[in-house]
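The values are calculated or read from the model by the stated rules, or taken from the named source; none is laboratory data. Computed from a prediction, not measured in an experiment: that's the story for all the values here. Cβ: placed from backbone, ideal geometry, glycine included. Neighbour counts: every protein chain shown. Accessible surface is based on the protein model in full, side chains and every heavy atom, while ligands, DNA and RNA are left aside. Shrake-Rupley method; radii C 1.70, N 1.55, O 1.52, S 1.80 Å.
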Amino acid sequence: MTSDALIRECFTDPLLEKYSVIIVDEAQARNIATDTLLVLAKKIMRKRHADLKLVIVSSSTDIQVFVDYFSDDHKVLALTVSDDLFPLDIHYLQEPCENYVTSAVETVLRIHAKEDPGNILVFLPDKFDIRQAIQTLEDQDCSAGADESLIAVPLHAEISAKEQSLAFDLPPSGVRKVVFATEIAETSATVPGITYVVDSGYTKQHIFDHASRLERLDIRPISRVSADQRAARAGLVQSGKVYRLYTLGAFQSQLFPARNAPETCRLSLASMALTLKALGVDNLVRFDYLQPTPPPEQLSQALEQLVILNAIDQKSGKLTADLGMHLAQLPLDLELGACLLNSVRRYKCAREAIAAISMLAIDADPFKASYEQREEAAEDKGDFMVQQGDVLTLANVLFGFQDTPRTAQRQWCKRHFLDYRLLEQADRISRQLVNCLLKLGYKRGELQISSCDQPSQLQKCLVSGLFANAACRNDDAREGKYRLLSSGLLVDIHPSSIFFGVEHAQLPEYVVFVKAKETKRLHIRGITRIEPEWLTEIAPHFWNIVNK
């Protein structure tokens, strides 16, 4: 069970009375859902006293924050399980490197040529750096001065299970393996047989930019706790060596923070605020949070987001009964949750909205094809595409999958260059959303209503939740295809969009989008064509303020 799922159980069972023990794993990640569950658990334990036990599991030795938080009310027992690491030889650069990818590849080649046998684990911030590093390494002569051959494999969250298995399989005799990985290999996944670790010193972190109302991925230095976790991967099976691609002076300075900043200090707190208010916490500023306490201005911004979505009544500060309370109980991002509820309440397009939002919830491109198949796949994709944009196109894909007999779905996906696993997941999410809406009191007949030949109903429905993510076509396409209406920020179209590669003059003049994703530039995904007047018709409370 996920933290989110257990939190939702609090709406029907506020004291979680059917549980006597709750185990929270991976607590060191300090994500919003985990922190929300822990603060609720403390509140529940005050009322249930000794008949509820809470076990917090953290792969980090930095556990004092949890001990301090619970020890004021409860008896806390802290147990540390030693890894019994072998000795580590840690090396630092004498001078800062200009390019951590180049430096990582050079370090790998030096290890391969001069060091004893043993596999290598390289930490890089993202899949783009990993791809570049592997390509650079494959272009080199790796046999010079080495007794073994060298193979390179990636490890990050966006590769298939089959590709991931290559990172965990031991290589054949006479072969040294180098795994280029993101932070996933710090604690979540243990790569066996590692003797050498190369640490770039960087990671990617999600940061919420309140000015643009976008969540961005920034490359930032890791914490010293993370550096130690990375280094430990070299000492699990024998004595190891760690090559840190930064200087000792930099590591001991404020450039590398002592510990990771929790999500409550760098992401939007709107979902956390909504949950706490729905469960009876009125004063969010004085609530008993885990340390570090979320900044008051961040809580204020969260409440502002909820007011904008009509989840909170601005005058009373209470959740709106028809939207706010229901929104808190949906397993969706707030904006998509608002779209889903409005599809039933206002726009009578629930069938299309459930399909579209289920596809968006998997947060991955279902179209897959090899380089050789790209032309045939693009032609096949055209059978699902509609001029209204990506979201309606995704709904068509799921409808096609659901209309195919279950025994033929895998073959249908293969024929249309679609990922069966992702579509199966989206189908499962769609059934889950129907059940959620039924529990909230909506009738099954309401959820089967289709807007039929009126796609504008679904477009307007999407505007009702995504109105803050509106953009207009930019005159100078070289600077960016679109300009955000709320902030003026320039953005490009993500390659997965059906509008990618369309002549600039043929692009929709106004759009809303689901997410912005930063690679080298900021790209928008999940794009839907809209009419500009819909913005002020549907969300006048927001756009009148922006226009002023």
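Ordering ALA27, LEU37, SER60 by the projection of their Cα atoms onto the charge dipole of the stretch 13-90, which places +1 on the Cβ of Lys and Arg and -1 on the Cβ of Asp and Glu, puts LEU37 at the extreme positive end. Label zone (VAL502, point 7 Å along Cα-to-C-beta; backbone nitrogen cut-off 12 Å) within the stretch 358-393: 385-393. Per residue, the chain exposes 49 Å² of accessible surface when a 1.4 Å probe is rolled over the protein heavy atoms with every protein chain present.
Please state the shape class of the stretch 7-98: rounded when a/c is under 1.5, otherwise prolate if a/b exceeds b/c and oblate if not, all from the C-alpha gyration tensor.
Details: a/c = 3.06, a/b = 2.17, b/c = 1.41.
Prolate.
Here the peptides 381-393, 210-222 are ranked by packing, the mean other Cβ count within 10 Å, and the order with the highest first is 381-393, 210-222.
Using just its DSSP H runs of length 4 or more, each adding -39500 (n - 2.57), the chain gives a mean residue ellipticity at 222 nm of -11000 deg cm²/dmol after division by all residues.
Just to make sure I understand: if all protein chains stay in place, what is the order of VAL55, VAL105 by accessible area at 1.4 Å, largest first? Before the final figure, lay out each step's value.
Working: VAL55 65, VAL105 5 Å².
Listed by decreasing accessible area, they come as VAL55, VAL105.
Each residue of the stretch 90-176 gets 115 Å³ once the volume of the Cα convex hull is shared out per residue. Pairs exceeding 23 Å between alpha-carbon atoms, taken from LYS277/LYS515; LYS315/LYS443; LYS177/LYS241; LYS162/LYS517; LYS127/LYS381: LYS277/LYS515; LYS315/LYS443; LYS162/LYS517; LYS127/LYS381.
Step by step: find N for the chain, compute 2.2 N^0.38 Å, then divide the Cα radius of gyration by it. What's the final number?
Working: Rg = 25.2 Å, N = 548, 2.2 N^0.38 = 24.2 Å.
So the Cα radius of gyration is 1.04 times the expected 2.2 N^0.38 Å.
Note on SER370 and LEU248: the extension gain reaches 39.5 nm, defined as 0.36 nm multiplied by sequence separation minus the Cα-Cα distance.
Within the stretch 255-326, all pairs of alpha-carbon atoms sorted by distance into 10 Å bins from zero give the percentages 19, 51, 22, 7, 2. Only Cα sites of the stretch 311-407 enter the Debye sum here, all with the same form factor; the resulting log10 I(q)/I(0) across q = 0.25 1/Å is -1.31, listed in q order.
Could you tell me the calculated FRET efficiency between PHE399 and ASP476, based on Cβ-Cβ distance and R0 = 30 angstrom, to the nearest 0.05?
Values: r = 38 Å, r/R0 = 1.27.
Here the calculated transfer efficiency is 0.20.
In this structure, GLU115 and GLN411 have a Cβ-Cβ separation that, at R0 = 45 Å, corresponds to a calculated FRET efficiency of about 0.40.
Translational diffusion coefficient, Stokes-Einstein: compute it for the stretch 359-497 using the Kirkwood radius over C-alpha pairs as Rh, at 20 °C and 1.002 mPa s, and state it as an integer in µm² s⁻¹.
Details: Rh = 17.3 Å.
The estimated diffusion coefficient comes to 124 µm²/s.
Full extension of the segment from SER20 to ILE159, taken as 0.36 nm per residue of separation minus the current Cα-Cα distance, would add 46.3 nm. Taking 15 Å as the cut-off, the amide N atoms of the stretch 6-36 that come nearer than this to a point 7 Å along the Cα-to-beta-carbon line of ALA261 belong to 30-32.
Report the far tail of the P(r) of the stretch 49-89, meaning the percent of Cα-Cα pairs longer than 10 Å. Each step should come with its number before you reach the end.
Numbers: 647 of 820 pairs.
Distances greater than 10 Å cover 79 percent of the Cα pairs.
DSSP beta bridges confined to the chain are antiparallel in about 45 percent of cases. Note that the stretch 423-548, at 25 °C in a medium of 0.890 mPa s, gets a Stokes-Einstein diffusion coefficient of 150 µm²/s from its Kirkwood radius over C-alpha pairs.
Considering only protein heavy atoms and a probe of 1.4 Å, how much of the accessible area of the stretch 340-493 is carbon and sulfur, as a whole percent?
Details: 3380 of 7430 Å².
Carbon and sulfur together cover 45 percent of it.
Of LYS42/LYS204; LYS43/LYS75; LYS43/LYS318, which ones are farther than 26 Å apart at the Cα? Listed pairs above 26 Å: LYS42/LYS204. Between LYS318 and LEU440, the modelled label-to-label distance comes to 1.9 nm, taking each label 7 Å out from Cα in the direction of the beta carbon. For the listed peptides 323-331, 253-261, a ranking on the average number of other beta carbons within 10 Å per residue, highest first, reads 323-331, 253-261.
Rolling a 1.4 Å probe across all protein chains gives GLU509 an accessible area of roughly 110 Å².
Roughly speaking, to the nearest percent, how much of the stretch 109-220's 1.4 Å accessible area is carbon and sulfur?
On the way: 2490 of 5150 Å².
Ligands and nucleic acids excluded, carbon and sulfur reach 48 percent.
For LYS18, the aspartates and glutamates whose Cα falls under 18 Å of its own Cα, not counting residues fewer than eight places away in the same chain, are ASP4, GLU9, ASP51.
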